[in-house]
1. Could you please find all residues in region 206-228 being out of contact with any Pro (no Cβ under 7 Å at 6 or more places or on another chain) and either of a type in the set (K, R) or open to solvent by 20 Å² or more (accessible area, probe 1.4 Å) (or both)?
2. For region 161-171, check the following and say yes or no: at least one residue is in contact with a helix residue (DSSP H, G or I) (Cβ under 6 Å, 6 or more places away or on another chain) and open to solvent by 20 Å² or more (accessible area, probe 1.4 Å).
3. Identify the single condition in (1) within 30 Å of D287 (Cβ to Cβ); (2) among the hydrophobic types (A, V, I, L, M, F, W, C); (3) open to solvent by 40 Å² or more (accessible area, probe 1.4 Å) that V66 does not satisfy, given that it satisfies every other one.
4. Note down all Cβ pairs under 6 Å where the first residue falls in region 10-29 and is touching a residue at least 60 places away in the same chain (Cβ under 8 Å) and assigned to a loop (DSSP other than H, G, I, E, B), the second is near the ligand (Cβ under 7 Å from one of its atoms) and among the acidic types (D, E), and they're at least six residues apart or on different chains.
5. Given the structure, is A96 open to solvent by less than 10 Å² (accessible area, probe 1.4 Å) and away from the ligand (no atom under 12 Å from the Cβ)?
6. Can you confirm whether Y83 is at pLDDT 95 or above and touching a Gly at 6+ places or on another chain (Cβ under 8 Å)?
7. Does at least one position in region 80-93 carry a residue that is part of a loop (DSSP other than H, G, I, E, B), on the phi > 0 side of the Ramachandran plot and open to solvent by 20 Å² or more (accessible area, probe 1.4 Å)?
8. If you take the residues of region 126-183 that are in contact (Cβ under 8 Å) with a residue 24 or more places away in the chain and among the aromatic types (F, W, Y), which of them is farthest from G200 (Cα to Cα)?
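The values are calculated or read from the model by the stated rules, or taken from the named source; none is laboratory data. Just so we're clear, the structure is a prediction, and the values are computed from it rather than from any experiment. Counting neighbours? That spans all protein chains shown, and the Cβs are built from the backbone with ideal geometry, glycine included. What goes into the accessible areas is simple: the full protein's heavy atoms, side chains included, and nothing from ligands, DNA or RNA. Shrake-Rupley method; radii C 1.70, N 1.55, O 1.52, S 1.80 Å.
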Amino acid sequence: MNKEVRVRFAPSPTGALHIGGVRTALYNYLFAKKNNGKMILRIEDTDQTRFVPGAEEYLMESLEWVGIVPDESPIKGGEYGPYRQSERKNIYAGYAQQLIDSGHAYYAFDTSEELDAMRERLKAAKVDSLQYNAITRMQMKNSITLSEDEVKSRLDSGDPYVIRIKVPRKEEVRLNDMIRGWVMVHSSAMDDKVLMKSDGMPTYHLANIVDDHLMKITHVIRGEEWLPSAPLHVLLYKYLGWEDTMPQFAHLPLLLKPDGNGKLSKRDGDKLGFPVFPITGQFPGKDGAMENFSGFREAGYLPDAFLNFLAFLGWNPGTEEEIFSMEGLIEAFTVDRIGKSGTKFDIDKAKWYNQQYLKTKADADLAKFIKPYLTPEHIQYDDKKLNAICAELKERITFPRDLWNEGQFFFVTPTAYDEQIVSKKWNEVAVSVLDKFANKISPDIDADSARATLNEVLEAQGVKMGQVMQALRLSLTGKGSGPDLMEIIAILGSEETKKRIKNAIEKLPVKMEN
Ligand code: GLU
């Protein structure tokens, strides 16, 4: 490739950014960086009726959280700005005019009633596609059917009109998609889509093509839902004389529901209890009322874990390796390893990634997640011990909040005890060993000396370790499972250990052996 690679992520700010959109942004970014190119963020906000306040800010924050940093954007600027289509309004009309002048577009004056009537006629005639096309356009009010004078007088008197592309009646439109290979559509199946609306604003189709051209976009990587529009875009490139620099297309397969049946939606997430959006936000939902769009960030996913999970939703490196940083992904990424079929969304995989990334975090970084929970009423530890607590917990957590949920007992002397363990394991033998152990532990206890002392007591009493371990854990943590017991004792220290054992002995009735 000798031309600089330039790709764009071109969202419309209509609400929260679905995880599929974040994946599109990521694949664009990876492709750009892999090829030493640029990734552009362009805000496609020509449809003012769908504009949602705050959506653009939400988008930017989402990308930033994942670590996707566009080279050119509305905020950063760049050589090809402005990067918001609403700020480029005056650019598009000239291109629509060019298409009219060359006979590839025309004015259409039909009212919405007339359009409805046309569709009704087609329905009554049992025509499958209710399109404005080479055949139906001949029965409508447009600059093809009306006389030149009438068109002129309508335009002069300010009659509302749209500009439509004139799709040829019989032509095969082809494009070579980087993921799907050759895609062919017959023009008879295509609509004379509106390019300029009656409010003077371009539609998505025109603005998108004009901007991709002016911004020197070389590759269009976008969701599969845009594949049906691609043939129209190919025609526009051709009619505007830009065929030689037409970008290459890559349409990404859908993200599917966990059971593989259909596209992953917000409802699936709400129903099954997992996020479908990068970060939490409030936006109008389908019926216009404000809704909560819950995010991975707020659910406790680390950005690097989310990134890694996201990259693998439809792509794989072709090796067994699963853990990739952004640099690693850039290095490994190629479009030919993007799957052709939809990817099932698997939240357990996201959790697994979170576990992997939490495990590799430095203890001191994990300690930062515990500190906000701590108050003066809690048992206080120095940083060294806090780090040691995190080291013990890190294999057992999925989310940062689990550090507190799993490790609370370090900070609060237990007052309640798992009843099942009490009834199964709290007996005379255990109590007698624990009591002696508590009396014997040295003030400067560590994990090794704790084990040695416990062994001495066990030997003297002729009792096996397995008979007392759970009782000991119960007395120290209130629970039946958790991190290494000797490490817990070392962290709690001899005083607290003693206190907890004596507490439990005092509180818990002993089951008499019979
Ligand atoms: N504005 C379109 C969207 O919201 C962009 C589609 C494209 O990338 O061409 O996804």
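1. If the condition is that a residue be out of contact with any Pro (no Cβ under 7 Å at 6 or more places or on another chain) and either of a type in the set (K, R) or open to solvent by 20 Å² or more (accessible area, probe 1.4 Å) (or both), then H213, L214, K216, R222, E225, W226, L227, P228 are the ones that fit.
2. Looking through region 161-171, at least one residue is in contact with a helix residue (DSSP H, G or I) (Cβ under 6 Å, 6 or more places away or on another chain) and open to solvent by 20 Å² or more (accessible area, probe 1.4 Å).
3. Tallying (1) within 30 Å of D287 (Cβ to Cβ); (2) among the hydrophobic types (A, V, I, L, M, F, W, C); (3) open to solvent by 40 Å² or more (accessible area, probe 1.4 Å), V66 fails exactly one: (3).
4. Hits for this filter: A10/E44; S12/E44.
5. Taking the combined requirement at face value, the residue satisfies it.
6. Spelling it out, Y83 is indeed at pLDDT 95 or above and touching a Gly at 6+ places or on another chain (Cβ under 8 Å).
7. Looking through region 80-93, none of the residues is part of a loop (DSSP other than H, G, I, E, B), on the phi > 0 side of the Ramachandran plot and open to solvent by 20 Å² or more (accessible area, probe 1.4 Å).
8. That would be Y132.
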